[in-house]
Amino acid sequence: MSLPRPEELLPHRDRFLLLDRLLRLDADGAEAIGHFDPEDVHGHFPGNPIVPGVLLLEGLAQTLACLDLLRRGPEAGTPMLVGFDRVRFRAPVIPPAQVHYRVTVKEERFGMLQASGEVRHEERRVCTALILGTVAAARP
């Protein structure tokens, strides 16, 4: 199966699109892996750049949004982040860097997906979180 480009699914553009491509989507739609190369991210702290953690979390949310839209169909509406829980940053990501996002759906209730998320850099887990997202119905 050929996977769509994130910009074909998400409304995010330019600096706000933090997902370059989808690498894998399980056939049952329970897990997705995405890739991001923050080449133009200069990071926090002059002389000691670190990719901001909020960007890593947004990348996880966008990966979950793509998964949700592929499950429901892009015409379902606009993907929305509902929240994060149990966020842990385990190691800094120094640009230039490539990261992989993995989201695994744990539960679906009331139209919302709860997923575990993981960010990996150089085969190392650098961030974990629980993510809650949904798709807001398209307006007529």
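Per-structure values
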| item | result |
| --- | --- |
| Top-ranked residue in segment 79-99 [being of a type outside the set (Val, Ile, Thr) and closer than 15 Å to Glu58 by Cβ; ranked as farthest from the chain's Cα centre (by Cα)] | Phe89 |
| Single condition Glu58 does not satisfy, out of (1) touching a residue at least 12 places away in the same chain (Cβ under 8 Å); (2) part of a loop (DSSP other than H, G, I, E, B) | (2) |
| Filtered residues of segment 87-112 (kept if part of a loop (DSSP other than H, G, I, E, B) and in contact with a Ser or Thr (Cβ under 8 Å, 6 or more places away or on another chain)) | Arg90, Gly111 |
| Segment 61-80, residues that are farther than 20 Å from Asp14 by Cβ and not in a helix (DSSP H, G or I) | Gly73, Gly77 |
| Residues of segment 35-49 that turn out to be assigned to a strand (DSSP E or B) and crowded, with 16+ Cβ neighbours inside 10 Å, as a count | 2 |
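Each row is one residue, and each column tells you yes or no for (1) assigned to a loop (DSSP other than H, G, I, E, B); (2) under 15 Å from the mean Cα position of the chain (by Cα); (3) surrounded by 10 or more Cβ atoms within 10 Å (Cβ to Cβ).
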site: Ser2; (1), (2), (3): yes, no, no
site: His12; (1), (2), (3): yes, yes, yes
site: Leu22; (1), (2), (3): no, yes, yes
site: Ile33; (1), (2), (3): no, yes, yes
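Quick grid of which residues meet (1) crowded, with 20+ Cβ neighbours inside 10 Å; (2) free of Cβ contacts under 8 Å to residues at least 40 places away in the same chain:
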site	(1), (2)
Ala91	no, yes
Pro96	no, no
Val105	yes, no
Phe110	no, yes
Gly117	yes, no
Glu122	no, yes
Thr128	no, no
Ala137	no, no
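Read-outs: derived from the displayed coordinates by stated rules, not from any lab. These figures come from a predicted structure and were not determined experimentally. When we count neighbours, we look across all protein chains shown, and the Cβ atoms used for this are built from the backbone with ideal geometry, even at glycine.
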